[in-house]
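Here the structure is laid out as structure tokens; the discussion comes afterwards.
The values are calculated or read from the model by the stated rules, or taken from the named source; none is laboratory data. Nothing here was measured: the structure is a model prediction, and the numbers come from that model. Virtual Cβ from ideal backbone geometry, glycine too; neighbours counted across all protein chains shown. Note: accessible area is taken over every heavy atom of the protein model, side chains too, but ligands, DNA and RNA are not part of it. Shrake-Rupley method; radii C 1.70, N 1.55, O 1.52, S 1.80 Å.
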Amino acid sequence: MTTASSPSPSPSPVPVAVLVSGGGTNLQALLDAFHGSTLARIARVVSSRDGAGALERARRAGVPTVVLRDPDDADELVRALGDARLAVLAGYLKRVPPAAVARFRWRLINIHPALLPDFGGRGMYGRRVHEAVLSSGAQVSGATVHYVDEEFDRGPIIAQWPVPVRAGDTPESLAARVLEVEHRLLPLVVQELARQGVPGKPVKVSVQQPNFDGTTE
Ligand code: GRF
């Protein structure tokens, strides 16, 4: 029992699972941000394919990894997520089966490299997103973190961060500028959700809007 004079026990960090398919730079940003944190810990990394660079990052950080045999198998996916309170899609290219979405309702989030609801949906990933932004003539792109529901890139938005499109941008140069922001936005959102105890309903997280030169004053 805690008495008035004894310090209250600090709550244990929220276990977070990260789902990946690729190189895992967003995973790395999370590993770095929560190393030694009392708020959240990256408890496991689940990959849709063997050989994803992200797996190596997880191993280097001493985080257990699982490679899914069948990413369409909801039971296998839910088992792989184990005791995670929050699951983060960070470059995960498979559709999460609806039964797994239902089990993790409002506890499953994704990062997308554009300002949703534009430039999202089935087939909109990687280079294609940035190509579409450039050919639309949009002057601002950005990063979005949102809840995962049964539709690709359609769940409620948690936070967005704008990024300028510059004259002469290529899909690669724009992707690199957006990715830098992703690496800041995703840990901020995870931190805030963890701080709030991973609420069982959709929330919005406001992040300090940066200036377009990358500063936040
Ligand atoms: C990121 O641009 C993310 O927004 C998208 O896939 C990319 C993953 O990159 N969903 P990485 O594997 O985290 O480096």
## Note on the structure
In whole Hz, the Karplus estimates of ³J(HN,Hα) for region 172-189 (6.51, -1.76, 1.60; θ = phi - 60°; x where Gly or Pro) are 5, 5, 5, 4, 5, 5, 5, 4, 4, 5, 3, 5, 8, 5, 4, x, 4, 5
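Under the rule a/c < 1.5 gives rounded, and otherwise a/b versus b/c splits prolate from oblate, where does region 18-122 land using the Cα gyration tensor? Intermediate results must be reported in sequence, preceding the final value.
Details: a/c = 1.34, a/b = 1.18, b/c = 1.14.
Rounded, since a/c falls under 1.5.
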### Summary
Once amide hydrogens are built 1.01 Å from N within the peptide plane, the residues lying 5 or more places from V46 or on another chain with amide H under 5 Å from its amide H are V18, L19, V20, V66
### Summary
For R79, the net charge from surrounding residues (Cβ-Cβ under 15 Å; K, R +1; D, E -1) works out to -3
## Note on the structure
Toy charge model, Lys and Arg Cβ at +1, Asp and Glu Cβ at -1: the chain dipole around Cα centroid in debye, rounded to 20, equals 440 debye
### Å² per residue, accessible surface of the chain at 1.4 Å
50 Å²
## Note on the structure
Whole-percent carbon and sulfur contribution to the accessible surface of the chain (1.4 Å, no ligands, DNA or RNA) stands at 51 percent
### Task
Once you have a ≥ b ≥ c as the square roots of the Cα gyration tensor eigenvalues for region 122-168, tell me rounded if a/c is under 1.5, and otherwise prolate or oblate according to whether a/b is larger than b/c.
oblate
### Task
Compute the distance in nm between two label points, each set 7 Å from the Cα along the Cα-to-Cβ direction, one at R128 and one at E151.
1.8 nm
### Query
What does the accessible area of E131 come to, in Å² to the nearest 10, when a probe of 1.4 Å is used?
70 Å²
### Query
For D50, what accessible area in Å² do you get when you roll a 1.4 Å probe over the heavy atoms of the protein chains, rounding to the nearest 10?
110 Å²
### Task
Answer rounded, prolate or oblate for region 78-217, using the Cα gyration tensor with square roots of eigenvalues a ≥ b ≥ c: rounded when a/c is under 1.5, else prolate when a/b is larger than b/c, else oblate.
oblate
### Message
Please compute the length gained on full extension between D75 and R49, using 0.36 nm multiplied by the number of residues separating them and subtracting their Cα-Cα distance.
### Response
7.7 nm
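Based solely on its DSSP helices, what 222 nm [θ] is calculated for the chain when runs of n ≥ 4 H residues each add -39,500 (n - 2.57) and the sum is averaged over all residues, nearest 500 deg cm²/dmol? The partial results should precede the final answer.
Values: 6 runs with 67 residues, N = 217.
Helix-only estimate at 222 nm: -9500 deg cm²/dmol.
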